[in-house]
Amino acid sequence: TDDWPGDVAEDAPTDVPLPADTCFGPTVAAVDNAGVPAGFCAWTWAADLSAPRGIEVASNGDVLVGERGGSRITVLFDSDGDGVSGPGERAPLASASGLNHGIAIHEGSLYASSAATVFRWPYAPGDRADLGSPETVVRDIPSGGHSTRTLAFDDAGRLYVSVGSGGNVDPDSSRARVRRFDLS
């Protein structure tokens, strides 16, 4: 359609109606005055986390959240099916000094980052107990400045780590890039 913000393929359907109402969240958790398209709604699924920064959804539906304020990964779930992850539906999963942003699940492991390090723990979807001490898989990433490290894997199993610039204008070419690591 004319108001679509991105590119649309030439053969994309233009007459697909939006569902009448796709909201299935609990009324008590509704976000008042949320700006969402017609037929949609917004609600608070989880609250009371310590500076949540990164998120990954496991194949079983568990939500893993990197809590920058607690240097930990917390697993959230909705075991009672009420549409909210309440205080009794979460557990600390992993911790390491300085965890701040990046989180990824790949081939039986959980990965998380600090400003200078990427850590790994053995992980299976459904794990809800402390995973123990981490293994360091990448160390000595330049820190300071923009210090969050987004993590992603490609189909060949290589790890990509973003390394932000040292400042908003940074002439140092060792920063402001995405680095690739072969962990095999």
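The values are calculated or read from the model by the stated rules, or taken from the named source; none is laboratory data. Keep in mind it's a predicted model, so treat the numbers as computed, not measured. Note: ideal-geometry Cβ built from the backbone for every residue, glycine included; neighbour counts use all protein chains shown. The area values use the complete protein model at the heavy-atom level, side chains included, leaving out ligands, DNA and RNA. Shrake-Rupley method; radii C 1.70, N 1.55, O 1.52, S 1.80 Å.
Taking into account only those residues within region 140-169 that are over 28 Å from ASP62 (Cβ atoms) and either open to solvent by 50 Å² or more (accessible area, probe 1.4 Å) or of a type in the set (Val, Ile, Thr) (or both), which is farthest from the chain's Cα centre (by Cα)?
VAL169
When you scan region 57-66, how many residues do you find that are within 10 Å of the chain's Cα centre (by Cα) and either surrounded by 14 or more Cβ atoms within 10 Å (Cβ to Cβ) or touching a residue at least 40 places away in the same chain (Cβ under 8 Å) (or both)?
Residues meeting the conditions: 4.
Restricting attention to region 72-93, which residues are small (Gly, Ala, Ser) and buried (at least 18 other Cβ atoms within 10 Å of the Cβ)?
SER85
Looking at region 28-56, which of the residues that are outside any strand (DSSP E or B), farther than 30 Å from ARG149 by Cβ and of a type outside the set (A, V, I, L, M) is most open to solvent (accessible area, probe 1.4 Å)?
ASN33
Would a scan of region 114-130 turn up a residue that is small (Gly, Ala, Ser), part of a strand (DSSP E or B) and within 28 Å of ASP48 (Cα to Cα)?
No; the residues of region 114-130 include none that is small (Gly, Ala, Ser), part of a strand (DSSP E or B) and within 28 Å of ASP48 (Cα to Cα).
Looking at SER71, is it on the phi < 0 side of the Ramachandran plot and either touching a Phe, Trp or Tyr at 6+ places or on another chain (Cβ under 7 Å) or modelled with pLDDT of 90 or more (or both)?
no
Take region 168-184 and flag every residue that is of a type in the set (Lys, Arg) and either modelled with pLDDT of 85 or more or touching a helix residue (DSSP H, G or I) at 6+ places or on another chain (Cβ under 7 Å) (or both).
ARG177, ARG179, ARG180, listed by residue number.
Please determine whether any residue of region 35-51 is in contact with a strand residue (DSSP E or B) (Cβ under 7 Å, 6 or more places away or on another chain), of a type in the set (Gly, Ala, Ser), touching a residue at least 40 places away in the same chain (Cβ under 8 Å) and more than 30 Å from SER165 (Cα to Cα).
Looking for residues that are in contact with a strand residue (DSSP E or B) (Cβ under 7 Å, 6 or more places away or on another chain), of a type in the set (Gly, Ala, Ser), touching a residue at least 40 places away in the same chain (Cβ under 8 Å) and more than 30 Å from SER165 (Cα to Cα), one finds at least one in region 35-51, hence yes.
Do the conditions hold for PHE119, that is, is it over 22 Å from ALA91 (Cα atoms) and either without any contact (Cβ under 8 Å) to a residue 12 or more places away in the chain or surrounded by 15 or more Cβ atoms within 10 Å (Cβ to Cβ) (or both)?
Considered against the rule, which asks whether it is over 22 Å from ALA91 (Cα atoms) and either without any contact (Cβ under 8 Å) to a residue 12 or more places away in the chain or surrounded by 15 or more Cβ atoms within 10 Å (Cβ to Cβ) (or both), PHE119 comes out as no.
Would a scan of region 136-149 turn up a residue that is in a loop (DSSP other than H, G, I, E, B), in contact (Cβ under 8 Å) with a residue 60 or more places away in the chain, touching a Gly at 6+ places or on another chain (Cβ under 8 Å) and among the hydroxyl-bearing types (Ser, Thr, Tyr)?
Yes.
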